[in-house]
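Single-structure report; data block below.
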Amino acid sequence: MDYGNSSRYLLQYILSARGICHENALVVALMRLYMDLGCFDDAWQIDQWLHELHENINSINVKLNPLSYKVVQVRHGLGKTAVTMKNEQNFGIPNRGSELQQIVLPKSSRFYVYVNVTPSDETKLSTRFQPREIEFIKWCIETFCAKGSVVSNEPVSNSSIVVKEVHRIIQNLTGEPVAEAWTRHSTFAVGSKELSQYEDLSALEIEQLLVKLCEYKWLYRTNQGEFGMDVRLIAELQEFLVNEYSLSLCAHCDTLVTYGVMCGSAHCLQEEDSERTVWHVDCFQHHVTHVSKNCGKCDESLLVNGIYII
């Protein structure tokens, strides 16, 4: 099949969503696009639609390559169950008879992100931001990473999505509710009050730039007014974050972890060992379900005394 027309329209859709789309949203967009192009096949199963999506993304990337841009697939650290809860799972897809057909899309933590692939991190930032803004962004990133390196003994709310997901995973594994929550956590999220202490921009400029960064999906903002690094920032700057701030990679998938689980053993937390043992939520589930209930590094249990990364 010639993916020229469909891939061009699909890229326009991604860009209209500020360069980041959940996988299910793109599948639905592709179905509707194929209807408009007269090549919709209502006999296809979801695996076939995902294959078509991947082929269209590959076609897009061939055209983007000379421009040093790419559409990459990234997984959100919260895991497919939590991410799916935040996105509509049921979509009405019109069939050839113009009737609505309800389909249930699979749980997915995958997003497709339009990124700059130039080697220079400064170049990636300069395409969207002014020099003064770039300095603030770099300061924010340093602040987030410093916060994420600290393990806190303060209690964490049971309403935390990560806490709920970790408890669900452990309960499914053991058959019993989690009797006692872990007592430690870390987070890469920072309050707006702390970010407003940056001295080279006014409070109004900082507020406006934070809004802009959230619109670009570089940062996210919680209901409690905290900010953190969103999927797009991590997708574009992962190598810089790991090299500059020695952030730990997931023990399962070898990508950066800003949500998930950290092994809480003394061995894995010793100061001279900067590489902590961490997992995304889905990767933690895979490890304790299919590999081992113990940490592969220290061999201590991962079901008790762990550390939430929230």
Exercise. Rounded to the nearest 500, what is the chain's calculated 222 nm mean residue ellipticity when only DSSP H runs of at least 4 contribute -39500 (n - 2.57) each, over all residues?
Worked result: -13000 deg cm²/dmol
Seminar exercise, completed: Checked against the structure, the computed Cα extents along the principal axes in Å among (1) 98, 38, 26; (2) 81, 45, 37; (3) 60, 54, 32 is the one labelled (3)
Exercise. How much of the DSSP beta bridge set in the stretch 121-309 is antiparallel, as a percent to the nearest 5?
Worked result: 75 percent
Seminar exercise, completed: Cα-only Rg/Rh for the stretch 104-153 with Kirkwood Rh rounds to 1.15
Exercise. Counting Lys and Arg as +1 and Asp and Glu as -1, each charge on the Cβ, what is the dipole of the stretch 187-235 about the Cα centre in debye, to the nearest 20?
Worked result: 260 debye
Exercise. Which GluC sites (Glu not before Pro) from the stretch 236-310 combine a DSSP loop assignment with at most 10 other Cβ atoms within 10 Å?
Worked result: Glu271, Glu272
Exercise. Looking at the stretch 137-229, which chymotrypsin sites (Phe, Trp or Tyr not before Pro) are in a loop (DSSP not H, G, I, E or B) and have at most 13 other Cβ atoms within 10 Å?
Worked result: none
Exercise. Could you give the angle, 0 to 90 degrees to the nearest 10, between helix 23-37's Cα long axis and the longest principal axis of the Cα atoms of the chain?
Worked result: 10 degrees
For this session: Choose one answer from Gln73, Gln208, Gln285: the residue with the largest mean-square fluctuation in a GNM of the chain with alpha-carbon springs under 10 Å.
Result: Gln208
For this session: Rank Arg221, Arg132, Arg75 by mean-square fluctuation in a GNM of the chain with C-alpha springs under 10 angstrom and give only the top-ranked residue.
Result: Arg132
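Computed from the coordinates by the stated procedures, all read-outs in this text should not be read as laboratory data. This is a predicted model, so every value here is computed, not measured. Neighbour counts are summed over all protein chains in view; Cβ atoms, including those assigned to glycine, are modelled from backbone coordinates with ideal geometry.
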